[in-house]
Amino acid sequence: MRKILGHKWQILSFAGLYVYLFVFRFFVLPSADDYFWMGWQGKYLMEHGFFSTNPIYDGSSNGRFLGNTFEVLTLHHLLLAMVTFAFFWTLLVWAFWKLAGKSKISLILSMLFIFAMSSGHLNNMLVWNAGFVNYVPAAALLLTYLAIYKDGLDDDYSRPKWISLITFIVAVTGGLFVEHINLYQVFIGVLAIIAAKYLFHKRIQLPYITYLLGSIISIIIMFSHQSYRMHSSYRKSGIDIASAVHRYITITHFWIITFNIFLILMICLAIAVVSWNKFKSRPARYLSVGLSVVFAVYYWYLYWYTRNVKIMFAYVYVNRTWILTRGDAIVSVLFLIFMCIFTFAIFKNDKNKYFVYFYLFSFVALTVPFLFVISPINIREYFHSYVFFYLLGINFANKAVEYLNLNWEKYLIVISSLFISLSAGTYMYKMVINYRANIVRVSEPDFLNSKRTLNKHVTYRKFVYAHDEFPEQSAVYWKDYLNKSFIQKFGDNTSLENK
């Protein structure tokens, strides 16, 4: 009976999350690149295989066939946007839960992922269609394969053929959203087969082979696109260690570490709890707990300190003092070393240790290449490394829960559930308020007639991409939108397709 009730609770949780996200997407305001893809430019690219030598298309001319297609279709059809948005976010949360052990605390922390993201990831992934379509489906499909792979290792049985078909489809489609995941899929496909044979001493199953085959096909499809063999003023990179270090110090370490305050505090607390209970040496206990407290206090202080520091919509500080650059960059490196040491110390005898090590490796592997990217530089490129960072954090939390008595675990579940409910309610409230405020401001005749740009911000700027910068909105789109009935808003939108 308890098992049945637990199963129903899980189904209701995911169903509730899907419905919530489905409704949430209705209130997402289009911004910036969304209007490009919604308009005649997006139509042209879609009709020409997302390729053009015209400089106006530059960075949009690429082999992200599914990402680009999703962007165009979801901007033309709101109902499709709501369905896909809810599906891929829910799939990502489900994959988190599967990989983290399918416990109640794992489910809660997995669902908390959406509400625990830094403002930069929230602004780029949750409330911007162009960011979502390229990065979230890719992450969801990648983790879905890892969940299938992990299940296969736990139960080394003959799996139905449809699983092999699913892993093939997941690989082919998952690689057509963004370039680095396309490449990383092949690495994972090869590593999965080698690890199954020589690390886990399991037989190589057909789904592992079909995933690798699908990944290879996906990489051929993407990089056969002509744009990757042409000069681009948008995409620039170079192996310059000094420049990479400079970018890390002045910009990127914030995105990788500092902004992720919830995750940092969760990991520090988990390390403190595990160390106090696991290590027999008193000096080791005090040192571990002491370092955890120092890092937690430092990042908590910095979180409140930086709330008063001006930041650009790209999540780069305007006035970067020594403590916000070199000082915090050094602390971030120390925190990474601290986290790596305790990952190996805490999980060395854990049955899932190789997966945990892989999450740590992926966090680093999906971070380092972007340190050498000169253009474009944005926080969304680090979303996938953050996904593995969060997976690592959940495993730390699960480990800490093992040392708590049952009553403490119950309290933790109740408190976390209440926090999720409060966060979900707050997010939805802010989206609705923004939506209503936006309808009022875009209804002004001077804006609709293109006599001026907007001159009023929405109430919660963080919940509109680019912090609701005025030039990022389209009068043509909103004029058409306001003339539609509620039902018509879900239909085809072609207001920007004419030059």
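The values are calculated or read from the model by the stated rules, or taken from the named source; none is laboratory data. These figures come from a predicted structure and were not determined experimentally. All Cβ positions, glycine included, derive from the backbone under ideal geometry; neighbour counts span all protein chains shown.
In segment 142-164, of all residues being among the polar types (S, T, N, Q) and touching a helix residue (DSSP H, G or I) at 6+ places or on another chain (Cβ under 6 Å), the one that is modelled with the lowest pLDDT corresponds to Ser164.
I'd like to know if segment 86-98 contains one or more residues that are more than 24 Å from Trp9 (Cβ to Cβ), surrounded by fewer than 23 Cβ atoms within 10 Å (Cβ to Cβ) and touching a Leu at 6+ places or on another chain (Cβ under 7 Å). No, the conditions are met nowhere in segment 86-98.
Note on segment 348-371: residues that are under 17 Å from Val274 (Cβ atoms) and not in a loop (DSSP other than H, G, I, E, B) total 5. Filter segment 138-163 for residues that are in a helix (DSSP H, G or I) and over 30 Å from Glu381 (Cα atoms) and give the result. Result: Gly152, Leu153, Asp154, Lys161, Trp162, Ile163.
Considering segment 109-124, the residues that are crowded, with 23+ Cβ neighbours inside 10 Å and under 12 Å from the mean Cα position of the chain (by Cα) include one that is nearest to Gly39 (Cα to Cα), namely Asn124.
The requirement of being crowded, with 16+ Cβ neighbours inside 10 Å and without any contact (Cβ under 8 Å) to a residue 24 or more places away in the chain is satisfied by Phe279.
In the condition set (1) at pLDDT below 90; (2) under 21 Å from Val273 (Cα atoms), Ile394 is compliant with all but (1). The residues listed here are Ile420, Ile377, Ile394; of these, the one that is assigned to a loop (DSSP other than H, G, I, E, B) and within 21 Å of the chain's Cα centre (by Cα) is Ile377. Any idea which of Ser31, Ser52 is outside any helix (DSSP H, G or I) and either within 25 Å of Ser417 (Cα to Cα) or out of contact with any Ser or Thr (no Cβ under 7 Å at 6 or more places or on another chain) (or both)? Testing whether each residue is outside any helix (DSSP H, G or I) and either within 25 Å of Ser417 (Cα to Cα) or out of contact with any Ser or Thr (no Cβ under 7 Å at 6 or more places or on another chain) (or both) leaves just Ser31. Put simply, of Ile169, Ile181, Ile220 the only residue that is closer than 15 Å to Phe88 by Cβ, surrounded by fewer than 16 Cβ atoms within 10 Å (Cβ to Cβ) and not basic (Lys, Arg) is Ile169. For segment 364-395, the set of residues classified as without any contact (Cβ under 8 Å) to a residue 60 or more places away in the chain and out of contact with any helix residue (DSSP H, G or I) (no Cβ under 7 Å at 6 or more places or on another chain) consists of Val364, Val368, listed by residue number. Checking the stated criteria, Glu497 turns out to be modelled with pLDDT under 90, assigned to a loop (DSSP other than H, G, I, E, B) and of a type in the set (D, E, K, R). Out of Lys410, Lys484, report the one residue that is part of a loop (DSSP other than H, G, I, E, B) and exposed (fewer than 15 other Cβ atoms within 10 Å of the Cβ). Exactly one residue qualifies, and that residue is Lys484.
Across segment 36-79, the number of residues qualifying as touching a Phe, Trp or Tyr at 6+ places or on another chain (Cβ under 9 Å), within 20 Å of Gln488 (Cα to Cα) and not small (Gly, Ala, Ser) comes to 8. Can you tell me which residue is modelled with the highest pLDDT among those in segment 192-246 that are of a type in the set (Ser, Thr, Tyr) and in a loop (DSSP other than H, G, I, E, B)? It comes out as Ser224.
Do the conditions hold for Ile105, that is, is it surrounded by fewer than 18 Cβ atoms within 10 Å (Cβ to Cβ) and touching a helix residue (DSSP H, G or I) at 6+ places or on another chain (Cβ under 9 Å)? Spelling it out, it is not the case that Ile105 is surrounded by fewer than 18 Cβ atoms within 10 Å (Cβ to Cβ) and touching a helix residue (DSSP H, G or I) at 6+ places or on another chain (Cβ under 9 Å).
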